[in-house]
Amino acid sequence: MDILELIKERKSIRCFKPDIPAREVVLECLEAASWAPNPTSQQPWQFIVLTGDTLKKVCDVIQKNYAAAAAQKAQGETEQPKNDITEILEKRKKDNFAEMISFLQENNADMQAIGEGNFNFHRAPVAVLFGVWPCKDQNYLKSIVAAMQNFMLMATARGMGTCWANAVSICQDAIKKCLNLHGELILVDGVAIGYPVADEPVNKIPRHRLAVEEVTIWHN
Ligand SMILES: Cc1cc2nc3c(=O)[nH]c(=O)nc-3n(C[C@H](O)[C@H](O)[C@H](O)COP(=O)(O)O)c2cc1C
């Protein structure tokens, strides 16, 4: 398959079959992740694969801790000053959200289950946490995001679906405690992975991107 076709085929999957992907296939996706560019080839990542009871335990931890952890994070953040750009971005978010909600409602989707999905990896049979060791600059963090994209593209190529899970970074202190992970490890985020239920409306949310010319400045 052409690489651009594969990139466009990857989409966020939020309803999974219960079938557990084979360990070899998950490892293949992680191998793709490990071939991401990274600072001076230090490969500063730690991948943590969760299935079965451990995955359930981590979902419980997220459910119990999310509200307090999110409130604490919000407290530490400085308010972004409003300008033309923030207004444009806010409008895009609002429009996307409105389209998504009306699509899901028209198709009788289970809105409660979809909302809860943010705290339980959308009930995927496997979740991967992407950890990175701390560093002086931001380069380690940048490389793990490249690794996550490689992982998701490889999963798509193998017929699986993925969804980014932001609750992992928010609840990372509690998750690290639960899994007895090194205190210094930064959990950048998680990715749910499994086989998609193709016909489920939540997996067919309309997707758009701006024309690339709109977000490109070309200097000759
Ligand atoms: C940093 C980041 C955090 C995200 N967190 C979540 C999340 O917590 N739950 C979720 O369902 N999707 C999450 N997503 C997926 C986005 O909602 C999704 O990528 C976006 O709507 C575009 O849709 P697409 O992935 O199908 O192209 C996240 C994506 C990114 C890049």
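What follows is calculated from the coordinates using simple rules that are stated; it is not laboratory data. Here the structure is a predicted model, which is why all the values come from computation and not from measurement. When we count neighbours, we look across all protein chains shown, and the Cβ atoms used for this are built from the backbone with ideal geometry, even at glycine.
Some values worked out for this structure:
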| read-out | value |
| --- | --- |
| Residue (of T216, F121, I48) at the positive-pole extreme of the chain, dipole from beta-carbon charges | I48 |
| Alpha-carbon centroids, segment 184-198 and segment 28-103: separation in whole Å | 10 |
| DSSP H segments from the chain that extend 24 Å or more along their own axis, Cα-based, with Kyte-Doolittle mean of 0.5 or above | 139-157 |
| Out-of-range pairs (alpha-carbon distance over 28 Å; input K8/K136; K11/K93; K11/K82; K56/K204; K73/K93; K57/K91) | K8/K136; K11/K82; K57/K91 |
| Relative contact order of segment 96-177, defined on C-alpha pairs under 8 angstrom at six or more residues apart (%) | 22 |
| q = 0.17 Å⁻¹, segment 26-112: log10 I(q)/I(0) [Debye, one scatterer per Cα] | -1.19 |
| Relative contact order of the chain, pairs being alpha-carbon contacts under 8 Å that are 6 or more residues apart, as % | 38 |
| Percent of C-alpha pairs per 10 Å bin, segment 65-212, short to long | 9, 28, 40, 21, 2 |
| Burial order of peptide ranges 122-130, 67-75, 53-61 (average beta-carbon count within 10 Å, highest first) | 122-130, 53-61, 67-75 |
